[in-house]
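A quick write-up on the structure given underneath.
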Amino acid sequence: MRFSVENAAFTRIWDSVDGPTIVNMILNDPDLMQVKPHYFRSAFTIGELIPTSIHGDASFTVKAELPTHSTVMDMRAPLGEGKPMEEGEALEYSGSIKGFMSPTWDETAPARMYKEKLIEKYGSDAVILKDFATKDLAPRVEAGYYTLDYLAIRAETTLKARYDVGRGLRSNIYAIPTEYRQKVTAGAKAWTDPTADILTSIMDIQEGKWLEWGIELPMQLKVTEDFFKNVIMKNEGVINTIKTNWLTDQGQLVAGTSNVSKWVITEENFNKYVAASIPGFPKITVTKPKMIIDKKLVDPWEDGIAVLCPLGYAGRVLRTDILDEEVYSKYGNNASSFNFTRTADGLMLVMNSIIPNGSLNERHMKVLMDAVPVLSDFQYRVLIDTKTANA
Amino acid sequence: MVEQKSGGVFLGRARIAKKSTNGGARHCTASFQGMKNDLVYILWGGVLANPFPGRAKLFEGDMLYQELDDKAEHPKLYCLKTYEAAEASTGTTLKIVKDGFRHIPFVGDTLMVAPETIGGTGTVANVTAKKVSKTTDGQDIWELTLDAALTVAKGDILVEGNAEDNSMLVKGINCFAPQDYDFVFEPAADPEDAEDFENAEYELTPVIGFTGFIHRMSPIPACVLKLNQSRFNGVWSFNALNASV
């Protein structure tokens, strides 16, 4: 069939019938979208839709029940009755889901005409379609992922989700109530001191919390890549433990670690000779939290914080209805047209529209997301202030 | 476990009756047909910086001011609250008109007679007590006790003041409520407080213009009426992207 601009896929992205199908094909093409790995995916699962109430709130409540503490039996005389046991205390907190949008994409009719003339000249819209997908749509979807990363890391490392980046609103979203927050200091010495006994501190903190909670959960210690390299891997106790166990593994005597090459101090050997050799030692999860926001390097990880938390997911990404979809589908001006495509497991909404501007039209694209990563394991989550020694 | 609402079981019957003062719906849009261009939502929307501190209502056609920085980013949103004096007064008792279509005053509000220019200065006073009362001719009023004397003539329009610099809190008008908003939560005292996660905040996106009948809109002080672009008596028209005033 002869190529025509009218039937080109790029032209039909804004079509109210075919548009969502074409946008969906682009969104599901990994070569076009080139989505990078994102932190929130490793720490949060995709949760449910929380409807927005007529009062305007999309509120959620996270409940947690502390396990019942074990005890000993009470001695009794024959036929004596006893006292019942206390049940686990229930904790809860609530918050509300907020809305976000990526930078908008607008194209006036004359700019469009220029582009269509190009399509005609080349006899294919493949290049323009790929450009649109990789340079316009993909970065806007990626912005949504960075937003979720930012909120996930702030929530995990401060127990508060406040959005204070971007060009729009700045607002609090939710926080673990102060009385439920568990924050401890580093131990006898700050961990930045290479002579600090980090390994003992980690085990002491974990065992103290296990006793307090009444349950021995498998745990992980989340730290940043910089912290792992510059603090943990430069700690004297860690280095000696790796070298000693490495020597033993090589069938050599334990004494004389000073002759062991520094090149054995690797993440792999840390996991093999430290994490795996100390019974109950938490899994070290090394994160890469840094991101580029508006050409500036931003590190949302709270400085000096290591997070001790249960293995597995920290919570769920909850989402709510996006009002634009209802307003413009039901009440949009007939001179305009709108189409909507969900993406990112339903977290984001791509809204394409054609809006009159004078005697001509403008094409618009918005990527919207009303979703927030919500912590649900807060009762077993400990922030370690590694820069502050115990008082 | 995540639930939408608070947990808890109460095997009995709870009494949650509560007086509601939401007010009525007052339609004030002027029905000129044709291509009006009012219903265009503004950039970002905003967190309302001066929400009503209790149950109250922002009405269709009510005016707001979105403050943006020089790059049109980081919005702050203020609503214009207006009150009409029911009687002249010179002391610390202020009587303002009360019906179902008015902004509701609250203890803690800072009020002033609307200055000659939007955002201008004047004498401000804080509301320390309020009660429902009637004028001698039987009109429903809010009788407010103030912590400072205000000189007010009958029919004067009062606005929200800023006690820090004795000025009108709202510094401009550039957007409008396209429909009523009911305020039903207890808001944070300072919506910008980074540590207040407990109390409510209101986020909304007003529209850039409004065309309506002035007598049905919330009382408009003279300094704001100067913005009116309509040349029809009794009709308000203003579009912030096409303002000639």
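The values are calculated or read from the model by the stated rules, or taken from the named source; none is laboratory data. Note that this is a predicted model, so its numbers are computed, not measured. As a convention, Cβ positions derive from the backbone with ideal geometry for all residues, glycine included, and neighbour counts pool all protein chains shown.
Given the structure, is B:ALA200 within 14 Å of another protein chain (Cβ to nearest Cβ), small (Gly, Ala, Ser) and touching a residue at least 12 places away in the same chain (Cβ under 8 Å)? Here the answer is yes, as B:ALA200 does meet what is asked.
Of all the criteria given as (1) under 20 Å from A:GLY168 (Cβ atoms); (2) surrounded by fewer than 18 Cβ atoms within 10 Å (Cβ to Cβ), the one not satisfied by B:ALA200 is (2). A single entry from A:PRO300, A:PRO310 fulfils the requirement of being at pLDDT 95 or above and surrounded by fewer than 18 Cβ atoms within 10 Å (Cβ to Cβ): A:PRO310.
Can you find a residue in the range A:179-199 that is within 14 Å of chain B (Cβ to nearest Cβ), under 21 Å from the mean Cα position of the chain (by Cα) and without any contact (Cβ under 8 Å) to a residue 24 or more places away in the chain? No, the range A:179-199 contains no residue that is within 14 Å of chain B (Cβ to nearest Cβ), under 21 Å from the mean Cα position of the chain (by Cα) and without any contact (Cβ under 8 Å) to a residue 24 or more places away in the chain. A search for C-beta distances below 6 Å between a residue of the range B:139-159 that is within 12 Å of B:ALA114 (Cβ to Cβ) and any residue that is in a strand (DSSP E or B) and among the hydroxyl-bearing types (Ser, Thr, Tyr), counting only pairs 6+ apart in sequence or on different chains, returns B:VAL152/B:SER89; B:ILE157/B:THR82; B:LEU158/B:TYR83; B:VAL159/B:THR82.
Listed by position, the strands (runs of 3 or more DSSP E) contained in the range A:326-381 that have at least 3 residues being over 24 Å from A:ASP57 (Cβ atoms) are A:337-343, A:348-357, A:360-369.
Of the listed requirements (1) among the small types (Gly, Ala, Ser); (2) over 27 Å from B:GLU60 (Cα atoms); (3) surrounded by fewer than 16 Cβ atoms within 10 Å (Cβ to Cβ), B:GLY100 misses just one: (2). Could you go through the range B:143-152 and let me know if any residue there is under 30 Å from A:TYR163 (Cβ atoms) and of a type outside the set (A, V, I, L, M, F, W, C). Within the range B:143-152, none of the residues are under 30 Å from A:TYR163 (Cβ atoms) and of a type outside the set (A, V, I, L, M, F, W, C). Restricting B:LEU150, B:LEU144 to residues that are farther than 14 Å from B:LEU169 by Cβ and part of a loop (DSSP other than H, G, I, E, B) narrows the list to B:LEU150.
Considered as a group, the residues in the range A:54-73 that are among the polar types (S, T, N, Q) and surrounded by fewer than 11 Cβ atoms within 10 Å (Cβ to Cβ) include one that is farthest from the other protein chains (Cβ to nearest Cβ), and that residue is A:THR71. Selection over the range A:22-48 of residues that are in contact with a helix residue (DSSP H, G or I) (Cβ under 7 Å, 6 or more places away or on another chain), more than 14 Å from chain B (Cβ to nearest Cβ) and under 30 Å from A:GLU92 (Cβ atoms) gives a count of 4. Quick one: is B:GLY108 of a type outside the set (Ser, Thr, Tyr), away from chain A (no Cβ under 14 Å) and at positive phi? Yes: the conditions hold for B:GLY108. What residue, among those in the range A:76-96 that are within 24 Å of A:GLU65 (Cβ to Cβ) and of a type in the set (A, V, I, L, M, F, W, C), is nearest to the other protein chains (Cβ to nearest Cβ)? Applying the filter and picking the extreme gives A:ALA90. Looking at this structure, is A:PRO51 facing chain B (nearest Cβ under 8 Å) and surrounded by fewer than 18 Cβ atoms within 10 Å (Cβ to Cβ)? Yes, satisfied. Look at (1) part of a loop (DSSP other than H, G, I, E, B); (2) in contact with a Leu (Cβ under 6 Å, 6 or more places away or on another chain); (3) among the small types (Gly, Ala, Ser) and you find that B:ALA125 fails only one, number (1). Comparison of A:LEU349, A:LEU375 shows that the only residue that is within 14 Å of chain B (Cβ to nearest Cβ) and either at pLDDT 95 or above or crowded, with 17+ Cβ neighbours inside 10 Å (or both) is A:LEU375.
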